[in-house]
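To start, the structure under review is shown below, and the notes come after it.
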């Protein structure tokens, strides 16, 4: 049986915005993301990386492989957050 992580965000009520941000970022990265199922982009990322991720149990998946998938998604999101923060700081300096 697949275990779902119960994500706890530091800011209550931000889950929908984070998921929408994931969709936006991963689309910019060239992935076809369903806005109603943004977490499913992990299957496309896994396929690109040659990792046999499938729906359901993935007990044979190594921690390294899982990290490669999550790192690709999370890393892209972090890079975009940094870019947005730098852009905002630049605007503040111009004002």
Within the range 26-47, which residues are more than 18 Å from residue 78 (Cα to Cα) and in a helix (DSSP H, G or I)?
40, 43, 44, 46, 47
Starting from residues that are in contact with a helix residue (DSSP H, G or I) (Cβ under 8 Å, 6 or more places away or on another chain) and in a loop (DSSP other than H, G, I, E, B), keep the ones in the range 1-25 and report whichever is modelled with the highest pLDDT.
9
Examine the range 65-85 for a residue that is assigned to a loop (DSSP other than H, G, I, E, B) and touching a helix residue (DSSP H, G or I) at 6+ places or on another chain (Cβ under 8 Å), and state whether such a residue exists.
no
Do we find a residue being within 18 Å of the chain's Cα centre (by Cα), free of Cβ contacts under 8 Å to residues at least 60 places away in the same chain, surrounded by 15 or more Cβ atoms within 10 Å (Cβ to Cβ) and in a helix (DSSP H, G or I) anywhere in the range 48-64?
no
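The values are calculated or read from the model by the stated rules, or taken from the named source; none is laboratory data. Since this is a predicted model, take the numbers as computed values, not measurements. Neighbour counts are summed over all protein chains in view; Cβ atoms, including those assigned to glycine, are modelled from backbone coordinates with ideal geometry.
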